[in-house]
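Have a look at the structure below, then the notes.
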Amino acid sequence: MNTVIVGTQWGDEGKGKVIDILSKESDYIVRYQGGNNAGHTVVVDGCEYIFHLIPSGILHKGKICCIGNGVVVDPVVLLQEIKTLTQRGIDINRRLKISHLAHVILPYHKILDQLRETKRTEKLGTTGRGIGPCYADKINRCGIRMIDLLNPKIFRIKLKDNLKEKNEIFNKVYRHPGFSFNKIYREYLEYGRRLKKYISSTHHLLNRAIRQKKNILFEGAQGTFLDIDFGTYPFVTSSSAIAGGVAVGTGVAPIKLDKIIGVAKAYTTRVGEGPFISEFPPRFNKFMRDKGNEFGATTGRPRRCGWFDAVMVKEAILLNGVSELAIMKLDVLDGLKRLKICTAYKYKGKVFREFPYDLGVLRNALPVYKEMPGWVTSIKGAKEFKDLPLRARNYLRRLEELLKVRIKMVSVGSSREETIFLD
Ligand code: GDP
Ligand code: IMO
Ligand code: MG
């Protein structure tokens, strides 16, 4: 069984927790896009782990974790992540596989990401991790891949070419001194040496696993509305975060995918800039941010919060082919007198029931809400659907009606145990 886990909002839906839970029944867990802009949180026995590049299944002994060709890899961050996990007693050896075709984030990508933001009239609010510039180089056919770090001659030619052009841009456009060839060359060859044992042709490995009827879990990073094509462009990331990204990002053919699970928060959050129709007004925003501990797992930035937006999630279900949903952080809605679900947008007298891509509409439209009464008691200890208060059950049933997809998992706390499975 090959299952994709995909974010249906603007990221941080709780994908890490879902991956960790489903990893138990999987043999391989595979990242297919994004880089260390991701921050996936897993809480086990009161200990928190935040994964940026290594798939969130690594805590399960014996599982193979792959970083697919569609991922952009910052070797500095990856080596640090390996070190931290090893220190915490997790055995990575022979379990971590990195595609030799994955592109490498170099120092100039990170600096360019940050400098470009300073030049923009409208900031994107990127994580500043070099993700956009690295993907741009990949498409521009001047990127450096993991396999190149293992071949000093090829790495030398590619890096030389890159710096020739890039240093001129850094000097002239950004008044930045630029980068030394020798320093990067030596440093990154050394990273290549240290990562060599993990680097391989993961697309062959995965297709072999499929032939052997192994279970594969594909771990999406970011979310549908950060997708380069279908997100709220240009306030998006630079990769295909939707389920379609799996095929190009791993070399597993689309026909091999069996199930797509969409992950959504019981409300909505967004970190970074860009339109957000169901965003809460400022005071309530702060209240909910504190209640849900909504601070970025990668940058620590405060996340913007809002009501559940069914227009968005419906679009995500369509784009990803979602067949079932996991609803996360339902406990954060505990104690709210009234709940709202956004079911349409209104702009200049027109009602939008389908997600509009025009930034002018997205920026200025008003949300149309369905209101529901909230529940007063805490749902944190609920183990089964029937343990939830009637109003919480009604809220979930209403979401199913609006989205026309079954909810199969409901999360009521950050730890593994705080999860309800529905038939
Ligand atoms: P991801 O990027 O989609 O993996 O999500 P993040 O890890 O960035 O953000 C989700 C946050 O919510 C993490 O801090 C999780 O520990 C936490 N979390 C996940 N599920 C629940 C839940 O049901 N209730 C609460 N209160 N927190 C949760
Ligand atoms: P996970 O996998 C939430 C956002 C950034 C910014 C935009 C572009 O943890 O859900 P980038 O650095 O990618 O060029 O930034 O995308 N962003 C995320 N927001 N969760 C993430 O990942 C994100 N990864 C990128 O905040 O708005
Ligand atoms: Mg996250």
Under a Gaussian network model of the chain whose springs join Cα atoms within less than 10 Å, the largest fluctuation of ASP227, ASP20, ASP387 belongs to ASP387
Cβ-based charge dipole, segment 6-138, positive-most Cα from SER99, ILE21, THR8:
SER99
Be a star and scan segment 62-82 for residues whose amide nitrogen sits under 20 Å from the point 7 Å along the Cα-to-Cβ vector of SER201.
65-71
How long is the gain from GLU401 to ASN171 if the chain were fully straight, where each residue apart is worth 0.36 nm and the alpha carbon distance is subtracted?
77.1 nm
Using the crude model of +1 on Lys and Arg Cβ and -1 on Asp and Glu Cβ, and no other charge, please compute the dipole size for the chain relative to its Cα centre, in debye to 20.
620 debye
When a/c is below 1.5 the answer is rounded, else prolate if a/b is larger than b/c, else oblate, so apply that to segment 1-83 with a ≥ b ≥ c taken from the square roots of the Cα gyration tensor eigenvalues.
rounded
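What relative contact order, as a whole-number percentage, does segment 265-395 give when Cα pairs under 8 Å and 6 or more residues apart are counted?
25 percent
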Residue by residue through segment 223-228, what is 3J(HN,Hα) from phi via Karplus (6.51 cos²θ - 1.76 cosθ + 1.60, θ = phi - 60°)? Round to whole Hz and write x for glycine and proline.
x, 3, 8, 10, 5, 4
Could you list which residues have their amide H under 5 Å from that of THR419, counting only those 5 or more apart in sequence or on another chain, with H placed in the peptide plane?
VAL412
Karplus-derived 3J(HN,Hα) from phi for segment 157-165 (6.51 cos²θ - 1.76 cosθ + 1.60, θ = phi - 60°), whole Hz, x at Gly and Pro, runs 4, 5, 5, 4, 4, 4, 5, 4, 6
Counting pairs of alpha carbon atoms under 8 Å apart in space and at least six apart in sequence, what relative contact order in percent does the chain give?
20 percent
Residue by residue through segment 371-383, the couplings from Karplus 6.51 cos²θ - 1.76 cosθ + 1.60 with θ = phi - 60°, in Hz, x for Gly and Pro, are 9, 9, x, x, 10, 9, 7, 7, 9, 3, x, 4, 10
Using the beta-carbon distance between ASN394 and ASP27 and R0 = 51 Å, what value does 1/(1 + (r/R0)^6) give for FRET efficiency, to the nearest 0.05?
0.85
Select from GLY413, ILE379, ASN285 the residue farthest towards the positive end of the dipole of segment 265-421; place +1 on Cβ of Lys and Arg, -1 on Cβ of Asp and Glu, and compute about the Cα centre.
ASN285
Express in whole angstrom the spacing between the alpha-carbon centres of segment 173-245 and segment 258-312.
25 Å
Using only alpha carbon positions, build the gyration tensor of segment 26-143, then give the equivalent ellipsoid semi-axes as the square roots of 5 times its eigenvalues, largest first, whole angstrom.
28, 16, 11
Radius, Kirkwood style, for the chain when every pair of distinct Cα atoms is counted (Å):
22.2 Å
For segment 329-416, which GluC sites (Glu not before Pro) are in a loop by DSSP, counting at most 16 other Cβ atoms within 10 Å?
GLU354, GLU384
Can you tell me the 0 to 90 degree angle between the C-alpha axis of helix 181-195 and the longest principal axis of the chain, rounded to 10?
60 degrees
Just going by the charge dipole of segment 103-195, with Lys and Arg at +1 and Asp and Glu at -1 on Cβ, which of LEU149, LEU124, TYR108 is farthest out on the positive end?
LEU149
Against the longest alpha carbon principal axis of the chain, how many degrees, from 0 to 90 and to the nearest 10, is the axis of helix 75-87 turned?
70 degrees
Magnitude of the Cβ-charge dipole of segment 103-195, K/R +1 and D/E -1, about the Cα centre, nearest 20 debye?
140 debye
Please report, in debye to the nearest 20, how large the charge dipole of segment 71-230 is about its Cα centre when each Lys and Arg carries +1 at its beta carbon and each Asp and Glu carries -1 there.
660 debye
For a quick check: with amide H placed at 1.01 Å from N, whose amide H comes under 5 Å from TRP375's, ignoring anything fewer than 5 positions away on the same chain?
GLY335, LEU336
Cα long-axis angle, helix 202-211 against the chain (0 to 90 degrees, to the nearest 10)
50 degrees
Cα gyration tensor of segment 103-195, axes a ≥ b ≥ c as square roots of the eigenvalues: rounded (a/c below 1.5), prolate (a/b > b/c) or oblate?
prolate
Whole percent per 10 Å bin, from 0 to the bin with the longest distance: what is P(r) over all C-alpha pairs of segment 265-421?
10, 38, 39, 12, 1
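No lab work stands behind these numbers, since they all come straight from the coordinates. Model, not experiment: these values are computed from the prediction. With ideal geometry, Cβ positions are generated from the backbone for all residues, glycine too; neighbour counts draw on all protein chains shown.
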